[in-house]
Structure formats: C-alpha cells, structure tokens
1. Considering only residues of the stretch 146-160 that are surrounded by 24 or more Cβ atoms within 10 Å (Cβ to Cβ) and assigned to a loop (DSSP other than H, G, I, E, B), which is farthest from the chain's Cα centre (by Cα)?
2. Do you know which of the residues in the stretch 236-253 that are at pLDDT 95 or above and of a type in the set (Val, Ile, Thr) is farthest from the ligand (Cβ to nearest atom)?
3. Can you tell me which residue within the stretch 135-145, out of those that are part of a loop (DSSP other than H, G, I, E, B) and in contact (Cβ under 8 Å) with a residue 24 or more places away in the chain, is most open to solvent (accessible area, probe 1.4 Å)?
4. Determine if the stretch 123-134 includes at least one residue that is within 25 Å of GLU163 (Cβ to Cβ), assigned to a loop (DSSP other than H, G, I, E, B) and either among the aliphatic types (A, V, I, L, M) or more than 18 Å from the chain's Cα centre (by Cα) (or both).
5. Inside the stretch 191-223, can you point out the residues that are away from the ligand (no atom under 12 Å from the Cβ), under 23 Å from GLU109 (Cβ atoms) and of a type in the set (A, V, I, L, M)?
6. Residue pairs, Cβ under 8 Å, 6 or more apart or interchain, first in the stretch 221-243 and within 16 Å of THR274 (Cβ to Cβ) and open to solvent by 10 Å² or more (accessible area, probe 1.4 Å), second part of a strand (DSSP E or B) and more than 16 Å from the ligand (Cβ to nearest atom). List them.
7. Taking the stretch 22-34 only, how many residues are at pLDDT 95 or above and either within 15 Å of the ligand (Cβ to nearest atom) or open to solvent by 50 Å² or more (accessible area, probe 1.4 Å) (or both)?
Amino acid sequence: MTALGSDVDVTISEVGLRDGLQSLASIMPTEAKKTWIDMQAKAGVPELEVGSFVPKKLLPQLADTGELVAHALNHEDLSVAALVPNLRGAEAATAAGATRMTLPFSVSESHSLANLRRSHDEIFAEVEQIVGHLASIPESKRPGFEVGLSTAFGCTIEGRVSEDDVVRIAERLVALGADEVGLSDTSGYADPAAVKRLTKKIWNAVGRERMHGIHLHNTRGQGLANALAALDVGLDTIDSSLGGIGGCPFAPGASGNIVTEDLVFMLEAMGVRTGIDLDALLEVRRFVQEALPSEQLYGFVCEAGLPKGFRDA
Ligand code: ZN
C-alpha cells in the first residue's frame, strides 16, 4: 500500500513488533520497542507494523501499541501500520494516527471461529462499519485500510482452502469498500506456484491496484521461494520480521515470518532495491537479541556475515 519512491523497487513491511512479539512469552519493554523502531527506520525500512489494537488482557505483549504508533510517526517518511481486529480497534488506530491498518479475515471459516470467534458474516459486517467510520474522517487523516486474507493457502483446521473461496471473499471485501486485500500464508502452506496462481486470480477479479502485498511464514522453509514468486508475479510489498522472531511452535527450528535480513540480502544481491542498509539492519538485530535474551532469533545472513565485497543494489 505504501507508495513506492523512485529509488525503491520493493517495499519491505517489517512485522516483527507485531507478529513476532505477539507469539513470544517475553514482554519487550516499551522503551526497547521504541529504540527498535528508531533503529529500523534509520536503516531505511519503509514500513513498520508496530502492534495490534486488541484488548490488553488478550495480548499483554502489545498493550503499548497506541504509544508506539505515536512514537513511530516521528519518522516522517515511515509508513506506520497496525493490526485491528474490529471497529473498536480501527477507531483506536485512527485516533493514534496510524498510516495504515490491516484487519485479518480468515478465509477458512473454522479458523475464523476458532481464532477470532466470529463467522464470515460477522466480519463482513465489521468491515462495513470500519468503512463507514473511515468515511467520517477527513481524507488526509484517513489510514489506508487493508483486509488480510489469512489462511489463503491452507489452514491447520480445514486443510485445503478453495482458491475460488479466496477470490469470492476478496471481491466482496473490495465491494464493501476495503482499499486493498493482501494474501496471508498464516500457517506456511503456500508454495511458489500457488502464490503466482492465486495472485493472478485475485487480480483478475478485483484489479491489480487492489492487491500489492503478501504476508509469508517460513513454517516449512518455503518463505524466500514464495517471496521470490511474489516478486516475479508483480507483488511489490512483502512482510517479514527481523530475526524471524516468533518461531513456529509446531516446527522447531523454523522461523516465524520470513527473516527480514535474509530477504533484504536476497533482493539487494539480485539488484532489487529495498532502500535498506543491511549493515544497519544487522545492528538492529543485535539490539533486539540483547533486548530479548531468552528468545531465539533465526536467519542465515547474520550468522555467515555479508559476502566479501558485497554492495547494496
Ligand atoms: Zn503472520
């Protein structure tokens, strides 16, 4: 959703502060999160998802999201994103001044009932209310509104998810007034062919301008291959998390989201510009590891270092 500057080919959207931290037992102090935000913005990351506007008792790890949005907005060119589960969350995100917000919509209705405790009809109704809320805000202060199509590639409860269902839901969400939809491989079921096929099907249904991004997990080690497929087909925003934090409880050794450092290395080595300084990014990683001493970070570039003579694209 971020407007691409002429000096960037792909927008990396860092989700470690949200998707990563929400699945850790440790609670990172707010001051450390602010330093993380500052360091990563300085390294050139164009978009940060800083948290989720969910009730504190559900996710105490993310209880400071409003404060973090306000802090991140000090970085003028940074797109500041947050997850919102419902209208109330959307109102909080808007009040905090978020640049964009994402509502998760589980394409698998059993997953939706189990995780969000809501049926598809209830979430469609929520989307309508959020669109109504946004219409009441002056355009200059209105965050971009994306609906993330969770479990788009498969689901731990239902297994296979029909691509026709994903397309049908995407069409309805756009018809209801969502600015964008985004593909989300919640459980690491995607493969590169599926990424390309499903992207094309959705674009055919709702138009290319309605979908720019993909959210990938590395549960089965397919994250970078899937990111490359996304890039090949023409998506231009890829979510990733620093150090792949979060992990996967069902797949020991697997990172959570794809690892930002490894993704940026792949892209820059290919000549695809991300606007991110890899050395600075590796510094952020060291900081985050120190701030979360008992948590495992993932990734290869950090361990091996940059190749001799490596230069950013
Ligand atoms: Zn995720």
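The values are calculated or read from the model by the stated rules, or taken from the named source; none is laboratory data. Computed from a predicted model, the values in this text were never measured in an experiment. We place every Cβ from the backbone using ideal geometry, glycine too, and count neighbours over all the protein chains shown. Side chains are part of the model used for accessible areas, which takes the heavy atoms of the whole protein and leaves out ligands, DNA and RNA. Shrake-Rupley method; radii C 1.70, N 1.55, O 1.52, S 1.80 Å.
1. Applying the filter and picking the extreme gives PHE153.
2. My answer is THR237.
3. Taking the stretch 135-145 and keeping what is part of a loop (DSSP other than H, G, I, E, B), we get 136-138, 142-143.
Checking the rest, the ones that are also in contact (Cβ under 8 Å) with a residue 24 or more places away in the chain come to 137, 142-143.
Details: ILE137: 21, ARG142: 95, PRO143: 5 Å².
This residue is ARG142.
4. no
5. Those that are away from the ligand (no atom under 12 Å from the Cβ), under 23 Å from GLU109 (Cβ atoms) and of a type in the set (A, V, I, L, M): ALA194, VAL195, LEU198, ILE202, ALA205, VAL206, MET211.
6. Close Cβ pairs (under 8 Å, with a partner that is part of a strand (DSSP E or B) and more than 16 Å from the ligand (Cβ to nearest atom)) amount to ASP236/THR11.
7. So the answer is 2.
Every residue, every condition in (1) modelled with pLDDT of 95 or more; (2) closer than 28 Å to LEU173 by Cβ, yes or no:
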| residue | (1), (2) |
| --- | --- |
| ILE202 | yes, yes |
| HIS212 | yes, yes |
| ALA225 | yes, yes |
| GLY234 | yes, yes |
| PHE265 | yes, no |
| ALA269 | yes, no |
| ASP277 | yes, no |
| VAL284 | yes, no |
| SER294 | no, no |
